[in-house]
Amino acid sequence: KVLANLAEGLVSREPEVRVLLLAALSREHLLLLGPPGTAKSVLGSRLASLCAGRFFSRLLTRFTTPEELFGPLSLAALENDEYLRKTEGYLPTSEVAFLDEVFKANSAILNTLLTLLNERVFDNGPERQKAPLLVCVAASNERPDTEELDALYDRFLFRREVLPVRDDQVMELLEMVSGTAASAKPPPAQAGALDINRVVQQIEAAMPSVRLPREQQVLLRRLRAEMRDSHQVLVPDRRLVKTAHALRVSAASHARSAVNALDLLAVLPDTFWVNPEERGIIRAWLWENLVPEAEEGPARLLLRSLLTRALEALRATAGEMDDRGGAKEVDVRRAASLVSEAGALRAA
């Protein structure tokens, strides 16, 4: 229901909505890259419209001042020779944030923003103030082109390229604009508000019982080496650890006790790339490597057959290799059932 509410009134944005919600549940940040007019800002504000938490939004320019993000200076504090900001209603006290054109951030706010995103703290004068920030969704028309912004780019574990709708979906988009489509009505504000803190707490409570099986650990190691050796893409240790955590969150959010192929396909293509074109490389590698080589014996051959059928079912739901078509719920259930069956056979 939450996914349906987030995607309501949008065309071909189901995959972006899914990664948006996964980022929030993982307490990680999401960067949306794409040309103007592709609903990036709409996606960023949708989560806040369905959450009970405090929301902060700002368009950054090279002239943006610290006061616009972190709050104005307290005049009362200045009279007492104290340098404090009034942060209520600004980024340091928000749970969900949207920063448009984030790479326009200037050096006056960059270091403070980096600390707030990474450590969830804000240095307010002599005090270190804990920030309740769950997720920051940022948008940009392009990736950063200076080394100064590389650290900010790295703070976003999830990265998603948002492209214009496909030609075969233009009519659906135009019908929405003309008001002839049932989905043309925007979702009402605060409709079915989600207590995201409560959901995150429930998932964190389930996390100790969610395993990352050794075979998935090996696959992560192989993919990291493949990206480094064949494509000169370095996946730092911190990004690797955070990705592993996101995989377990994905499994926990679907009430699974272990990470499986569905989680790998949902997470890795959005966390392991630096340039958008590398996402397709990662997906192609996953399709080729998720099914292990079968050993001799009928049980192992049956296991390989089940896993292959599960992945083929998921491939059909994801619009082949670029997942622009979204996923049909009935096919996702079929794929999940096949993976579960394969897991039971493996355990036996």
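Extension gain, ASN141-GLU82: 0.36 nm per intervening residue step, less the Cα-Cα distance, totals 17.3 nm. Against the criterion of solvent-accessible heavy-atom surface with a 1.4 angstrom probe, TRP273, TRP285 sort, most first, into TRP285, TRP273. Distances between placed amide hydrogens fall under 5 Å for ARG211 paired with ALA258, VAL259, all partners being 5 or more residues away or on another chain. Accessible surface of ARG128, taken over heavy atoms with a 1.4 Å probe and every protein chain present, rounds to 140 Å². Each Cα pair under 8 Å and six or more residues apart adds its separation to the average, and for segment 223-278 the resulting relative contact order is 31 percent.
The values are calculated or read from the model by the stated rules, or taken from the named source; none is laboratory data. Keep in mind that what you see is a predicted model, and the values were worked out from it rather than measured. Accessible surface is based on the protein model in full, side chains and every heavy atom, while ligands, DNA and RNA are left aside. Shrake-Rupley method; radii C 1.70, N 1.55, O 1.52, S 1.80 Å.
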